[in-house]
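J.: This is the structure I have questions about; it appears just below.
The values are calculated or read from the model by the stated rules, or taken from the named source; none is laboratory data. What you are looking at is a predicted structure, and each value in this text was computed from that prediction instead of being measured. Note that we place each Cβ from the backbone using ideal geometry, even for glycine, and neighbour counts take in every protein chain shown.
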Amino acid sequence: MSQDTDNQLLGVVLLVRHGDRQGFYQNPDTYTATATQITPLGNQQEFLLGSYLRSLYLNESSPSYIPGMSTGLFNPSQVYIQADFGDENGVIYDSCVSLTQGLWPVTLSNNITLANGTMITAPLGGYQYIPIETVDPNLSIALEGFTNCNTFNTHTTAFYNSSIFKEMAAQSASFLDSLPPYLNGRSVQLENMWNIYDFMNVNDIHNATFAQVLPPTYLAQVQTLANWHEYNVFSDQSIGGIGNIAGLAMLPSILNGFADITNSTNPVQLSITAISYKPFISFFNMTGVASANPSLAGIVNYAAAVALELRQPSEGGEPVIRFNFKNGSDADFVTYNFLNRTGDVPLSAFIDAMAPIAINTTAAWCSVCANNQDSGCAALALATEQGEAAARPKISPAGAGVLGAGLTLIVVALMGFTLAFFGVLTISRFGRRRSRHPGTFELKKDGESI
C-alpha cells in the first residue's frame, strides 16, 4: 500500500532510546549490567527530542498534529507513558522525564485559584509533572525480555561458538590487538565488543585527552564491529526466534498502543515507551527494516525514536501504520518500508504478523526462557504447585463431585493471592488504565473486536 499524503493521523506509538550517559558495563554472556547515570547532555538530547515531537504532534498548525490532543496542559486521559527502570539503572527513566519536559513545557496555565481568590502557579514557572509508569524487570518482562532469559543466554553462547563469529574474530584480531592503549585494561576479545565500543564512545564524548589521542578511524571501526556484534545477539533468522526476545516481549506494549488509539469510547492517542537500544535491534529485525536498510542493523544513537503513526486513509477502509525513524540528532523523521511492503501497512497486516509471536504473559516468558525462578516465574511455579495440590482432595469420588466447584473457586483464589503476594499480579500506579505488564491486547472498532 502506498502512502496517502491526505490521510488523517489518529495517534502515535513512540519508542524512544535514552540520552547520553556515563560509562556502562554489560556481561558479554548474560548482559547483566552495572549502574550508570545520565549526563546533562543526555537530558538535553531528550528535551530537544521532546520539543521536536511537540512541534510535530502537539502543534495545531503541523500537518502531523494529532486531532484533539491538548497543546498546552497535559491531559492524562490522552497519553500513556512507560519507562524501563532496570537496564542502565535509572537512566532510561530520567531520560523520559526530560523527554516529557520538551513535550509538555512549563506553562503559566498550570495554576489553581484557591477559595480566597489567590492564584497559585506550579513551581518553576508552571512546571508540568507528567506521570510515567516505571517498569521493573524483576516484576515485568515487558521491556527487558532478555534479562534472566536462559534460552537467550544459550543463543548468545551459540553465536560466540559459531563459524561466522570465529571468522570475524580472526579478521578483526589485528585491529583489536591495537586497542589496549585506549581501553584501560579492558578485554579486547570480540565477545567484549559492546564494552569496548561503549568505553571508547563515552570517553570520546567526555574526555578531551582521550579524544585527542584516539586515531581518527578507530571509533568508527569499533562501532562497526559493535553493531555487527549486537545485531547478531539481539536478532534471529526466525521472526519469533529467541534472539528477538527483546522485541517479542515489547510487542504487547505496541499492540496495546494501537488498541488504545482505536478505542472509540476512550482513545489514548499517544503512547510512549522509553527503552534501551536492544529492543530497537530486535524490532528492526522482526519488521524487516534492518534487512532492507543495513545501516540500521545495529545500535541506534542516543535519543533515537521510532514513531509508528496510525492513520486513516482518505479513501476509507481500515487504518494503516506508517513507520518513521529518527536516529538521534537527525533533523527529521525518515519514513521506512516494513514487513516487506511498500508504503503504509494495514493495521490488520501488522497484527497478523506480530500478534502470534508476542509474549503476552509472564507464564509464556517463563516457558520460552526456561526460567522457573526470576521475574515472577517462581511465584507462578508455586501457585501452580499449590493449585494442583489443592485440587487433589483425599475424599471419596462422590464427595469430590459435590465439592468440585467449590474447590475450583478456592484454587483460583489461592493462586490469585499467591501471585499478588509475590508481585506477579500488579495494579498500575495510575488507575486510569489497565496494567500492561504483562497483558494481552484487544483491538476494537465501534465497540466490536477486529
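J.: Looking at the stretch 119-135 only, could you name the residues that are part of a helix (DSSP H, G or I) and in contact with a strand residue (DSSP E or B) (Cβ under 8 Å, 6 or more places away or on another chain)?
T.: G126
J.: Within the bounds of the stretch 116-123, is there any residue that is touching a helix residue (DSSP H, G or I) at 6+ places or on another chain (Cβ under 9 Å) and of a type outside the set (F, W, Y)?
T.: Taking every residue of the stretch 116-123 in turn, none turns out to be touching a helix residue (DSSP H, G or I) at 6+ places or on another chain (Cβ under 9 Å) and of a type outside the set (F, W, Y).
J.: Is it true that G42 is surrounded by fewer than 20 Cβ atoms within 10 Å (Cβ to Cβ) and not β-branched (V, I, T)?
T.: no
J.: All but one of (1) at pLDDT 95 or above; (2) under 22 Å from I245 (Cβ atoms) hold for N43; state the number of the condition that does not hold.
T.: Only one criterion in (1) at pLDDT 95 or above; (2) under 22 Å from I245 (Cβ atoms) is unmet by N43, namely (2).
J.: Would you check which residues across the stretch 203-214 are touching a residue at least 12 places away in the same chain (Cβ under 8 Å), in contact with an Asp or Glu (Cβ under 8 Å, 6 or more places away or on another chain) and surrounded by fewer than 17 Cβ atoms within 10 Å (Cβ to Cβ) and list them?
T.: I205, F210
J.: Collect the residues in the stretch 231-270 that are charged (D, E, K, R) and either under 17 Å from the mean Cα position of the chain (by Cα) or surrounded by 23 or more Cβ atoms within 10 Å (Cβ to Cβ) (or both), keeping them in residue-number order.
T.: Of everything in the stretch 231-270, just one residue is charged (D, E, K, R) and either under 17 Å from the mean Cα position of the chain (by Cα) or surrounded by 23 or more Cβ atoms within 10 Å (Cβ to Cβ) (or both), namely D260.
J.: Name every residue in the stretch 215-250 that is in contact with an Asp or Glu (Cβ under 6 Å, 6 or more places away or on another chain) and among the hydrophobic types (A, V, I, L, M, F, W, C), in order of residue number.
T.: L219
J.: Moving to a separate point now. Considering S329, S291, S253, which residue is over 21 Å from H155 (Cβ atoms), of a type in the set (S, T, Y) and not in a loop (DSSP other than H, G, I, E, B)?
T.: Matching residue, one of S329, S291, S253: S253.
J.: Give the residue, chosen from P294, P279, that is closer than 30 Å to G86 by Cα, within 18 Å of the chain's Cα centre (by Cα) and not aliphatic (A, V, I, L, M).
T.: Step by step, each of P294, P279 is checked, and only P279 is closer than 30 Å to G86 by Cα, within 18 Å of the chain's Cα centre (by Cα) and not aliphatic (A, V, I, L, M).
J.: Another one. Output the residues belonging to the stretch 1-60 that are assigned to a loop (DSSP other than H, G, I, E, B), in the same structural domain as T335 (by TED's automatic domain parsing) and of a type in the set (G, A, S).
T.: Matches in the stretch 1-60: G19, G23, A35.
J.: Against the condition surrounded by 15 or more Cβ atoms within 10 Å (Cβ to Cβ), modelled with pLDDT of 95 or more and assigned to a loop (DSSP other than H, G, I, E, B), how does G343 come out, does it pass?
T.: Here the answer is no, as G343 does not meet what is asked.
The rows are residues; the columns are (1) in the same structural domain as P28 (by TED's automatic domain parsing); (2) closer than 22 Å to R17 by Cα.
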| site | (1), (2) |
| --- | --- |
| N75 | yes, no |
| I81 | yes, yes |
| V97 | yes, yes |
| S109 | yes, no |
| I112 | yes, no |
| G117 | yes, no |
| T134 | yes, yes |
| F146 | yes, yes |
| T156 | no, no |
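J.: Moving to a separate point now. Return the pairs, sorted by first residue and then second, in which the second residue is modelled with pLDDT under 95 and outside any strand (DSSP E or B), the first residue lies in the stretch 261-273 and is farther than 13 Å from I66 by Cβ and assigned by TED's automatic domain parsing to the domain that holds D136, the beta carbons are less than 6 Å apart, and the residues are 6+ apart or on different chains.
T.: Matching pairs, first to second residue: T262/L443; S264/D446.
Residues checked against (1) touching a residue at least 24 places away in the same chain (Cβ under 8 Å); (2) touching a Leu at 6+ places or on another chain (Cβ under 8 Å); (3) under 26 Å from G376 (Cα atoms); (4) in a helix (DSSP H, G or I):
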| position | (1), (2), (3), (4) |
| --- | --- |
| P105 | yes, no, no, no |
| S109 | yes, yes, no, no |
| G117 | no, no, no, no |
| E144 | yes, no, yes, no |
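J.: Restricting to the stretch 53-90, name every residue that is under 28 Å from D6 (Cβ atoms), surrounded by fewer than 20 Cβ atoms within 10 Å (Cβ to Cβ) and under 20 Å from the mean Cα position of the chain (by Cα).
T.: Passing the criteria: only Q78.
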